[in-house]
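To start, the structure under review is shown below, and the notes come after it.
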Amino acid sequence: MKRLVASLLCVLMLFLAPLKASAEEISNFENAGALYEYWSKNNMPNYITGVWSSDGGYTNLTFGVTNDEAGREGAKQILALVSDDSTVAIAYQTYSLHYLYDIQADIEKYLEDDIGFKSVGAFFSTNRVEVDVEQERMD
């Protein structure tokens, strides 16, 4: 009976060991900057509205998250992923980063027609797309 239990435990450990290693690999970011760097290379989650510096540096970052269930769960996930959660600030906003980029792309189509737009850009901290219009066109 002891051999059977010991064998089952060995088999169980063999199956669970890879899961633990991969979870640790993804969830051990020293600070907010390290998490942002990882997400920059591996796609941002859909609940992210933007990421910007909290203090002018690269370590302490503010993560904008959508103000819905996905964003609230995402904020918890961010805090769980970063070892030093004092480097993380959370801002709840309305529009996801992907949505802002979609709006920006739609507006940029009109820039090709030269109807007075100078530039368009997504601003994460204010959670909006801004358009700069030529002064002559505004008068």
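Some notes on this structure:
- The lone exception for GLN93 - which of (1) open to solvent by less than 70 Å² (accessible area, probe 1.4 Å); (2) free of Cβ contacts under 8 Å to residues at least 24 places away in the same chain; (3) touching a strand residue (DSSP E or B) at 6+ places or on another chain (Cβ under 8 Å) it fails: (2)
- Scan of region 96-118 for residues that are modelled with pLDDT under 80 and touching a strand residue (DSSP E or B) at 6+ places or on another chain (Cβ under 7 Å), ordered by number: TYR110, LEU111, GLY116, PHE117, LYS118
- Selection status of TYR36, part of a helix (DSSP H, G or I), within 24 Å of VAL131 (Cβ to Cβ) and either among the basic types (Lys, Arg) or without any contact (Cβ under 8 Å) to a residue 40 or more places away in the chain (or both): no
- Residue count for region 15-53, restricted to those that are surrounded by 12 or more Cβ atoms within 10 Å (Cβ to Cβ), at pLDDT 90 or above and of a type in the set (Ser, Thr, Tyr): 5
- Of the residues making up region 63-76, those that are touching a helix residue (DSSP H, G or I) at 6+ places or on another chain (Cβ under 9 Å) and either among the aliphatic types (A, V, I, L, M) or surrounded by fewer than 18 Cβ atoms within 10 Å (Cβ to Cβ) (or both) number 1.
- Checking each residue in region 66-87 for being within 14 Å of the chain's Cα centre (by Cα) and of a type in the set (Asp, Glu) picks out only GLU73.
The values are calculated or read from the model by the stated rules, or taken from the named source; none is laboratory data. No experiment lies behind these values; they were computed from the predicted model shown. Methodologically, a virtual Cβ is constructed for each residue, glycine included, from the backbone with ideal geometry; neighbour enumeration extends over all protein chains shown. Heads up: the accessible areas ignore ligands, DNA and RNA and are worked out on the full protein's heavy atoms, side chains in. Shrake-Rupley method; radii C 1.70, N 1.55, O 1.52, S 1.80 Å.
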